[in-house]
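These notes concern the structure reproduced below.
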Ligand SMILES: [Zn+2]
Ligand SMILES: [Zn+2]
């Protein structure tokens with residue numbers, strides 16, 4: 001009986017163990033099932049396109065060309081010395097459609113009008129150009145929302161975007177209404193050229209008019225908060241955080257410096273905007289800018305920790321600055337369009353697929369073949385675009401010459417030829433790297449020193465509207 005009792009007891013224990021295991025497996029399976037959507041990320045894509053700079057006179061009076069180009073009519077897609085002819089713009093937008101017709105949305109960060117003399121320009125001209133570009137984006141992508149920002153060239157008089165209503169803000173608001181009909185964006189867009197709209201559940205687009213802070217904008221120079229944009233920016237990001245939303249910040253001019261070392265935004269504005277970006281580091285998922293015309297990025301640090309980043313997309317225009325009077329000549333760069341890959345659930349950026357047009361090749365063949373220039377993940381071994389991974393890349397740029405030279409080539413969108421530098425010494429590298437990692441004026445000044453052995457450094461500084469040359473005493 002005792003033996004039988006023990007056997008029964010063991011049998012019961014065994015059954016209990018098996019049942020427990022079954023229960024555990026069932027629970028694990030259920031957990032597994034529940035976890036499936038988290039494991040398989042939902043990856044989507046969106047376009048970022050910037051600085052079209054459309055010049056309708058490229059094949060006639062060549063108003064934007066920085067040097068006379070005798071055979072320009074023989075070049076169907078334009079020239080490195082001039083802004084974009086319509087053929088180039090048309091091919092860029094159709095290339096976007098051909099490469100990824102189902103992008104979730106499009107970011108368009110301004111500078112639509114050409115680099116031409118003010119005597120040849122007018123508000124009417126600017127409005128017509130914005131209208132041409134809005135129309136082509138709407139025609140080619142009729143079902144895709146576009147988040148559009150103003151550029152410093154999208155105003156007359158040039159660069160003087162005001163902190164109040166005007167005919168250009170109104171005209172743009174009317175044209176772009178279709179992309180944000182149900183939002184309150186129109187009010188702020190008309191008032192100050194900025195707005196916020198929901199992109200999708202959990203994600204908002206905060207579109208800034210950073211041209212209000214531009215060095216060359218004299219209208220806003222003495223105003224502490226032009227158009228109330230700083231206060232608004234702070235409020236909408238607070239509100240986004242309270243609602244559990246993330247934000248993509250979209251603007252034309254970033255804070256910080258050009259690669260050449262010149263600042264873009266007035267120092268007082270630069271500091272305020274940087275402080276707000278750092279304050280809202282947990283809400284801002286990514287930032288997107290244009291204006292440089294080159295392919296670069298920027299990092300914001302909070303107590304030496306990288307906390308925010310901005311991706312600066314290269315321009316569609318191939319225009320390069322040449323000012324013989326001051327011996328200034330910037331390198332040629334190819335036209336670029338950019339596809340971003342992102343996680344639709346977390347809004348985390350996964351990759352940049354940079355496309356470009358090899359301009360001389362397109363002109364030779366009379367055919368625009370837009371090609372993949374690089375995938376960020378493959379080019380730099382960065383598999384998620386975060387502040388930390390970009391900070392690691394900066395460290396690689398500082399230490400590994402081959403990585404820096406790759407960045408240096410991509411910075412001008414793989415342009416080749418006589419006007420393209422093939423080397424970059426230590427001082428040159430420092431300028432490029434400091435423009436990425438120091439968005440604060442004082443920190444940037446410290447970063448670029450010391451430079452030469454003779455105590456002097458001659459640097460050509462360029463802003464896209466003013467050119468000047470300095471001799472700096474170190
Ligand atoms: Zn610009
Ligand atoms: Zn531009």
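Brief remarks on what is shown
- Unique residue being farther than 30 Å from residue 73 by Cα and surrounded by 13 or more Cβ atoms within 10 Å (Cβ to Cβ) when the list is 425, 440, 402: 440
- Residue check, residue 222 in a loop (DSSP other than H, G, I, E, B) and within 16 Å of ligand 1 (Cβ to nearest atom): no
- Meets criteria (more than 15 Å from ligand 2 (Cβ to nearest atom), touching a residue at least 24 places away in the same chain (Cβ under 8 Å) and in a loop (DSSP other than H, G, I, E, B)) for residue 332: yes
To keep it simple, each residue is scored yes or no on (1) surrounded by fewer than 21 Cβ atoms within 10 Å (Cβ to Cβ); (2) without any contact (Cβ under 8 Å) to a residue 12 or more places away in the chain; (3) assigned by TED's automatic domain parsing to the domain that holds residue 314.
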{"site": "217", "(1), (2), (3)": "no, no, yes"}
{"site": "227", "(1), (2), (3)": "no, no, yes"}
{"site": "230", "(1), (2), (3)": "yes, no, yes"}
{"site": "243", "(1), (2), (3)": "yes, yes, yes"}
{"site": "250", "(1), (2), (3)": "no, no, yes"}
{"site": "254", "(1), (2), (3)": "no, no, yes"}
{"site": "262", "(1), (2), (3)": "yes, no, yes"}
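- Extreme residue, farthest from residue 298 (Cα to Cα), among residues of segment 442-473 that are in contact with a strand residue (DSSP E or B) (Cβ under 6 Å, 6 or more places away or on another chain) and at pLDDT 50 or above: 451
- Some residue of segment 122-132 being surrounded by 17 or more Cβ atoms within 10 Å (Cβ to Cβ), assigned to a loop (DSSP other than H, G, I, E, B) and touching a strand residue (DSSP E or B) at 6+ places or on another chain (Cβ under 9 Å): no
- Subset of segment 264-276 (residues that are under 22 Å from residue 290 (Cβ atoms) and free of Cβ contacts under 8 Å to residues at least 60 places away in the same chain): 265, 266, 269, 272, 276
- Residue count for segment 373-383, restricted to those that are part of a loop (DSSP other than H, G, I, E, B) and within 19 Å of the chain's Cα centre (by Cα): 2
Conditions (1) more than 29 Å from residue 226 (Cα to Cα); (2) over 22 Å from the mean Cα position of the chain (by Cα); (3) not in a helix (DSSP H, G or I), marked per residue:
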{"site": "79", "(1), (2), (3)": "yes, yes, yes"}
{"site": "97", "(1), (2), (3)": "yes, no, no"}
{"site": "110", "(1), (2), (3)": "no, no, yes"}
{"site": "139", "(1), (2), (3)": "yes, yes, no"}
{"site": "154", "(1), (2), (3)": "no, no, yes"}
{"site": "157", "(1), (2), (3)": "no, yes, yes"}
{"site": "172", "(1), (2), (3)": "no, no, no"}
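- None of 61, 92 is away from ligand 1 (no atom under 16 Å from the Cβ), closer than 20 Å to residue 322 by Cα and outside any strand (DSSP E or B) except 61.
- For the residues 414, 387, the requirement of being more than 25 Å from residue 97 (Cβ to Cβ) and out of contact with any helix residue (DSSP H, G or I) (no Cβ under 8 Å at 6 or more places or on another chain) singles out 387.
- For segment 312-345, the tally of residues that are more than 25 Å from residue 95 (Cα to Cα) and in contact with a strand residue (DSSP E or B) (Cβ under 8 Å, 6 or more places away or on another chain) stands at 8.
- Qualifying residue in segment 112-131 (condition: under 12 Å from residue 49 (Cβ atoms), in the same structural domain as residue 168 (by TED's automatic domain parsing) and touching a residue at least 24 places away in the same chain (Cβ under 8 Å)): yes
- Filter pass, residue 370 being more than 18 Å from the chain's Cα centre (by Cα) and buried (at least 17 other Cβ atoms within 10 Å of the Cβ): yes
- Scope segment 174-203; condition over 23 Å from the mean Cα position of the chain (by Cα) and closer than 27 Å to residue 264 by Cβ; matching residues: 190, 191
- Single residue of 190, 178 found to be surrounded by fewer than 16 Cβ atoms within 10 Å (Cβ to Cβ), assigned to a helix (DSSP H, G or I) and either at pLDDT 95 or above or assigned by TED's automatic domain parsing to the domain that holds residue 312 (or both): 178
The values are calculated or read from the model by the stated rules, or taken from the named source; none is laboratory data. The shown structure was predicted, so the numbers you read here are calculated from the model rather than taken from an experiment. Counting neighbours? That spans all protein chains shown, and the Cβs are built from the backbone with ideal geometry, glycine included.
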